[in-house]
Every structure is written in structure tokens, then in C-alpha cells.
Amino acid sequence: MTSARFLVVLDADSTLIRNEVIELIADEAGRREEVQAATEAAMRGEVDFAASLRSRVAALQGVPVSRFSRVLDRIEPTPGVHRLTEAVHARGGVVGVVSGGFHEILDHIAPDLGVDRWRANRLAVVDEALSGHVEGDIVDAAAKASALQEWADELGVRRNATIAIGDGANDLQMMAVAGLGLAFNAKPAVRAAASLVIGPQDLSEVIPLLP
Ligand SMILES: [Mg+2]
């Protein structure tokens, strides 16, 4: 596809899906508690996202990649996600997902959920197990905003025909550059900065707002 009428970009964890994937992987490492606390602090915007992600990923060291199938089995798509992506496509729009989470999981779930393009972090693997490092540049708040701008330019979509949807502090920059920034199921700092707050955990609530 070379052009689109509009672009909708969603965050993944707690927006496209109901889970925080890093917490599911941490379960496989037996380190849920510490990773969950650190993730919550990062989503409230209390700590530097990239530094926090690096230390949380370090806690995942040694998890065999074969355990990803157990993680995938536990993922719950957010209610209404299929209806939203179908509605976007029916109106000539494109759906993107940009995530501070991981390609290793999104690559499996995004196509089935009607997502057209996605960008996320990559977990480094050594001997079929997580090395505890992130590969390459970290997808943080600034990278999320750049992805939205880059995709809009590629698709010939004007900035005011973009919608960004997220729940965490690392979604605020992409919400600020989008024509419409929607706080979904969001933390207080995100609700305060959003153009609009979507209360119920149902993505089909976004459909009436599509151009
Ligand atoms: Mg999120």
C-alpha cells in the first residue's frame, strides 16, 4: 500500500492486548514481582524508560526461547480490537502498532489482529535463551513518535489525519504529534495529557472517532 486516508497507531501492552508481555516473560524467569513493579513505575513516567527497560530485560536472562509459546498462549487481545481494525480498513485507513515491548511476540499476534505494520524492541538470544540484553536501539517515547511521523509520511497521511492510542507515559510523545491523542485505560499522567480519554476497556469505542 502506498497511500492511505488516515493512520491509527496503537501501543501494544495494555492497549492492543490486555497484558504486559514483559511480565509474562518474567513469570518464566520466576521474577514477576520485581519486573511488574518496575514496569508500573515506567508506565507512570517515574523513571527513564530505556534505562528501566534494560534493567527489566536483564532480569529475563536465561529464559529459553521455547517458553515464548507459553507466553503467546496467555495473551488476551483487548475487547473490540478486531472491530476497530476492520473499521479502519473499511474506511481506507492503516493500523500501526509501536511498542516498548518485543517483536518476538508481536510478530505472532499482530497479523491476526488486523495490524498492518509494527515496530518494537528485539530481545537478544544466545544458545536458544534470552541473553538479558535488548538488541539495537530501544523503542522509547521518542521512537514511538518518530514511527508515527515516518509512517504518516510514507502513506501520504497528513498529521491531522493520525490517531495515537496508548496507556503509558511512553505514549505521550506520539499522542502529542498525532492529530488526536487518545488515552486508553490509561495512567493518570496520560489521561491528563490526552485529547480524549476512553474509559471502558473496549477498542471499538474508538470507531466513532475515525475520520
Ligand atoms: Mg502500554
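Couple of notes before you dig in:
- Listed values for region 182-194 are Karplus-derived 3J(HN,Hα) couplings in whole Hz (6.51 cos²θ - 1.76 cosθ + 1.60, θ = phi - 60°), namely 10, 8, 10, 6, 9, 5, x, 5, 7, 4, 5, 9, 6, and x replaces Gly and Pro.
- Hull shadow area, averaged, the chain [alpha-carbon convex hull, nm²]: 10.5
- Relative contact order, percent, the chain [alpha-carbon distance under 8 Å, six or more residues apart]: 27
- Degrees between helix 49-58 axis and first principal axis of the chain (Cα, 0 to 90, nearest 10): 40
- The helix-based estimate of mean residue ellipticity at 222 nm for the chain, built from -39,500 (n - 2.57) per DSSP H run of four or more residues and divided by its residue count, is -11000 deg cm²/dmol to the nearest 500.
- Share antiparallel - DSSP beta bridges, region 6-209, percent rounded to 5: 20
- A cut-off of 5 Å between modelled amide H atoms, ignoring neighbours fewer than 5 places along the same chain, links V63 with L130.
- Residues whose placed amide H lies under 5 Å from that of V97, excluding near-sequence neighbours: L10, R117, W118, R119
- The distance between label points at Q201 and V47 comes to 2.4 nm (points 7 Å beyond Cα on the Cα→Cβ vector).
- Note that region 62-71 has calculated 3J(HN,Hα) couplings of x, 5, x, 5, 4, 6, 4, 5, 5, 5 Hz, one per residue in order, obtained from phi through the Karplus relation 6.51 cos²θ - 1.76 cosθ + 1.60 (θ = phi - 60°); glycine and proline are x.
- Degrees, to the nearest 10: 32-43 long Cα axis against longest axis of the chain: 30
- In the elastic network of the chain, a GNM with C-alpha springs shorter than 10 Å, the most mobile of H89, H108, H133 is H108.
- Interchain or long-range residues, amide H under 5 Å from H133's placed H: A124
- Cut-off 12 Å between beta-carbons: net charge of the residues surrounding T78, Lys and Arg +1, Asp and Glu -1: -4
A short reminder: the numbers here are calculations on the coordinates, not readings from a lab. Nothing here was measured: the structure is a model prediction, and the numbers come from that model. Positions of Cβ are backbone-derived with ideal geometry, glycine not excepted, and every protein chain shown enters the neighbour counts.
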